[in-house]
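Step one of this worksheet: look at the structure below.
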Amino acid sequence: LHRLIRRQRQMCIRDRKKAMELRNEQPMVHNCAQTIMCAYADELGLSEDMAGAIGSNFGGGMKNGSVCGAITSALMVLGAKGIDDPAKINQFRKTIANNHEGNINCVDLLRVNAAKGGDKKTHCDCMIKEAIELIDSMENK
């Protein structure tokens with residue numbers, strides 16, 4: 001059991017590290033959704049190109065400020081991993097919303113962040129890390 005927990009923690013650290021490497025490429029070419037999809041590509045049996053293509057239209061809240069791309073891509077990853085129980089998915093959504101004053105839409109998350117003096121990239125990077133941590137914690141349940 002301890003080996004399994006240690007392995008899962010190492011995978012979470014690896015996924016966050018890969019995600020931040022992708023986000024820090026210059027010029028930045030991965031949106032939030034693509035970043036998460038690419039971080040899990042190998043694990044999901046996808047090429048990084050295919051994972052990026054799948055996430056391409058989900059960044060920026062489906063390119064129109066709707067549900068945050070980090071959230072939607074995390075839900076895609078959870079589904080691909082066989083985690084699709086409505087109660088678990090609702091708990092995932094509630095956890096993220098509770099962490100952000102009830103907000104899950106990109107436009108609202110960014111508005112609140114800007115009002116607090118935050119910059120967009122740092123905020124989005126934190127959303128990516130949070131989503132990855134939640135994916136990994138749900139896998140362990």
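Condition (residue is more than 21 Å from ASN64 (Cβ to Cβ), modelled with pLDDT under 95 and in a helix (DSSP H, G or I)) applied to region 115-123: is it met by at least one residue?
Checked region 115-123: at least one residue is more than 21 Å from ASN64 (Cβ to Cβ), modelled with pLDDT under 95 and in a helix (DSSP H, G or I).
I need a count of the residues in region 92-126 that are in contact (Cβ under 8 Å) with a residue 40 or more places away in the chain and open to solvent by 60 Å² or more (accessible area, probe 1.4 Å).
2
Just checking, does region 124-136 include any residue being more than 23 Å from GLU21 (Cβ to Cβ) and in a helix (DSSP H, G or I)?
No, region 124-136 contains no residue that is more than 23 Å from GLU21 (Cβ to Cβ) and in a helix (DSSP H, G or I).
Checking the structure you have, find out if any residue of region 72-90 is at pLDDT 95 or above, among the polar types (S, T, N, Q) and surrounded by fewer than 17 Cβ atoms within 10 Å (Cβ to Cβ).
Checking region 72-90: at least one residue is at pLDDT 95 or above, among the polar types (S, T, N, Q) and surrounded by fewer than 17 Cβ atoms within 10 Å (Cβ to Cβ).
Regarding region 51-60, can at least one residue be identified that is at pLDDT 95 or above and more than 22 Å from HIS30 (Cα to Cα)?
no
Identify all residues within region 71-96 that are within 14 Å of the chain's Cα centre (by Cα) and more than 18 Å from ALA33 (Cβ to Cβ); write none if there are none.
Within region 71-96, THR95 is the sole residue that qualifies.
The values are calculated or read from the model by the stated rules, or taken from the named source; none is laboratory data. Keep in mind that what you see is a predicted model, and the values were worked out from it rather than measured. Here the Cβ is made from the backbone with ideal geometry for all residues, glycine too, and neighbour counts use every protein chain on show. Each accessible area value is taken on the protein alone, full model and side chains, heavy atoms only, with ligands, DNA and RNA left out. Shrake-Rupley method; radii C 1.70, N 1.55, O 1.52, S 1.80 Å.
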